[in-house]
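What follows is one structure encoded as structure tokens, with my remarks underneath.
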Amino acid sequence: MAQYNVAPLENLVEQFEKMPGIGHKTAQRLAYYVLNLSKIQAEELASAVLDAHTKIHYCKQCCNLTDKELCPVCASPTRDSGTICVVETPRDATAVENTREYKGVYHVLHGAISPLNDIGPDNLTIKQLVARLSDDTVNEVIMATNPTVEGDATALYISKLLKPMGVKVTRLAYGIPVGGDLEYADEYTLAKALEGRNEI
């Protein structure tokens, strides 16, 4: 019996499977979806991917993604450049921005220190962050790395670097989420919530 295999389709499925969070079944669905596009739609999709890949680069100031020299936040004269929120990824900066509460600027590390994955401080944009503090205009650096072992290690490493520069370094509070039940919280989350409690 002949093997049912169309090489270009299999290749397309394999490319989709390389994406994070995409399993074989989802990759197949995406591949069939792309095959059902009209030639013009397929060309528009391919063009959008290539366009994003060639035009998007790091902001020269905060290392976030942009298609200009500076990202919209760094280019805005209304933002408080004296406060820098340090995040691991561009998606994290977007999450903070979506709160509409933060008025400062960002710095994107593009990862977290993880010796097990061979990611050290030199693999991140820590040097660029330190360089931003050289002109004494920054008052506070908010460490908004993820509440993981790697995120905590990264926040601690950076805070030790910045403390001698006389800059206030803070860490995002974490603990029980709003609307959450104590009985469902794990011990680590509860411990952090107790540790970061505020007076009311």
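The values are calculated or read from the model by the stated rules, or taken from the named source; none is laboratory data. Quick caveat, the model's predicted, so the values are computed rather than measured. Positions of Cβ are generated from backbone atoms using ideal geometry, with glycine treated the same way; all protein chains shown enter the neighbour counts. Side chains included, ligands, DNA and RNA excluded: accessible areas come from the protein's heavy atoms. Shrake-Rupley method; radii C 1.70, N 1.55, O 1.52, S 1.80 Å.
Observations on the model:
- Cross-link reach list, aspartates and glutamates versus Lys25, counting only Cα pairs under 18 Å and skipping chain neighbours closer than eight places: Glu10, Glu14, Glu17
- J(HN,Hα) series, the stretch 32-38, from Karplus relation 6.51 cos²θ - 1.76 cosθ + 1.60, nearest Hz, glycine and proline x: 5, 4, 4, 5, 7, 5, 6
- Taking every alpha-carbon pair under 8 Å whose residues sit at least 6 apart, the chain reaches a relative contact order of 13 percent.
- For the stretch 1-113, the per residue solvent-accessible surface stands at 69 Å², with DNA, RNA and ligands left out and a 1.4 Å probe.
- Share antiparallel - DSSP beta bridges, the chain, percent rounded to 5: 20
- Candidate lysines for bridging to Lys160, where Cα separation is under 19 Å - those fewer than 8 sequence places away on the same chain excluded: Lys127, Lys168
- Two-site label geometry, Leu70 and Lys18: point separation in nm, points 7 Å out along Cα→Cβ: 3.6
- The phi torsions of the stretch 15-27, fed into the Karplus equation with coefficients 6.51, -1.76 and 1.60 and a -60° offset, translate into couplings of 5, 5, 5, 6, 6, x, x, 9, x, 4, 5, 5, 4 Hz, rounded to whole numbers, with Gly and Pro shown as x.
- Near Tyr106, the amide H atoms lying under 5 Å from its own belong to Cys85; only residues 5 or more places off or on other chains count, and H is placed 1.01 Å from N.
- Theoretical ellipticity at 222 nm over the chain - DSSP helices of four or more residues, -39500 (n - 2.57) apiece, nearest 500: -12000 deg cm²/dmol
- Spatial separation of Cα centroids for the stretch 77-153 and the stretch 9-75, in angstrom: 25
- Whole-percent carbon and sulfur share, accessible surface of the chain, 1.4 Å: 57
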